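Report on the structure given below.
The values are calculated or read from the model by the stated rules, or taken from the named source; none is laboratory data. Treat the numbers as computed from the prediction; the structure is a model and nothing was measured. For neighbour counting, all protein chains shown are included, and Cβ atoms are generated from backbone atoms with ideal geometry for every residue, glycine included. Ligands, DNA and RNA are stripped out before the accessible areas are found, and what is left, the full protein with its side chains, is counted by its heavy atoms. Shrake-Rupley method; radii C 1.70, N 1.55, O 1.52, S 1.80 Å.
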Amino acid sequence: MTAVTDVKGVGEALAAALSANGFKTAEALAKAKPEDLVKVPRIGLARAAVLIAAAKDATASKPAARQVPARKPAARKPAAQKPAARKPATRRPVARKTVAAAAAEKRAEEAAKKAAEEKAAADAAEAKARKKAKAKAKAEKAAKKRAEMEAAFSKAKDKVKAKSKKDKKSKKDTKKKDAGKKDSKKKDKKKDKKKAKK
């Protein structure tokens, strides 16, 4: 079994957090999925992928390291263990990379958030434009209907005017006829009176 602290980029604080979440060995960390590691505080998707890769490297290189000391004399073993004591110094650049990866992840999240906001704004603008177009079409339809009604009203008005003129004319004609008949009756009466006098 390889200790979690043997994985590059894992310090004591992170090792404690990983252990608390069930990743007590480098092998367990190597088998983990990024989605599982995201549950651990201060680990994002980018850092999870880096840690899993580092754990796989640590577990792959560990058996080779065990075979070499087995062939060498026992006196040389402490010399082989000295680089292990220096490992914290080599971890620092990896830790910086993970900080850079975290920053990159943060930038990616911000970009995604911004893209989502822009999409929402575009959708809102599109909905507004659709609403405006609908209102315009409705107004045009109403204006067309109004124009048709006005035309029908005007036509009906003209028809009524023409009919009233016709009625007036026919009344005048009947009055003239009545007046003519009265005149002819008067003339007839005068003729009758003249005849009676004779």
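Out of all the residues in the stretch 145-181, which are among the hydrophobic types (A, V, I, L, M, F, W, C) and open to solvent by 100 Å² or more (accessible area, probe 1.4 Å)? Break it down stepwise before answering.
In the first step, residues of the stretch 145-181 are kept if they are among the hydrophobic types (A, V, I, L, M, F, W, C); the result is 147, 149, 151-153, 156, 160, 162, 179.
Across the stretch 145-181, the qualifying residues are 149, 153.
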Only residues that are over 19 Å from residue 101 (Cβ atoms) and of a type outside the set (Lys, Arg): list them for the stretch 9-46, please. 12, 16, 19, 20, 21, 22, 25, 26, 27, 28
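I'd like to verify a number: residues in the stretch 8-25 that are open to solvent by 20 Å² or more (accessible area, probe 1.4 Å) and touching a residue at least 60 places away in the same chain (Cβ under 8 Å), how many? Can you show your working first?
Narrowing the stretch 8-25 to residues open to solvent by 20 Å² or more (accessible area, probe 1.4 Å): 8, 11-13, 16-17, 19-25.
Then keep just the ones that are touching a residue at least 60 places away in the same chain (Cβ under 8 Å); that gives 8, 11.
Residues that pass the stated criteria total 2.
Looking at 108, 28 in this structure, which one is farther than 16 Å from residue 4 by Cα, at pLDDT 50 or above and open to solvent by less than 70 Å² (accessible area, probe 1.4 Å)? Steps first, please.
Working: 28 fails: farther than 16 Å from residue 4 by Cα.
Among 108, 28, only 108 is farther than 16 Å from residue 4 by Cα, at pLDDT 50 or above and open to solvent by less than 70 Å² (accessible area, probe 1.4 Å).
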Can we say residue 192 is of a type in the set (Asp, Glu), part of a helix (DSSP H, G or I) and open to solvent by less than 80 Å² (accessible area, probe 1.4 Å)? no
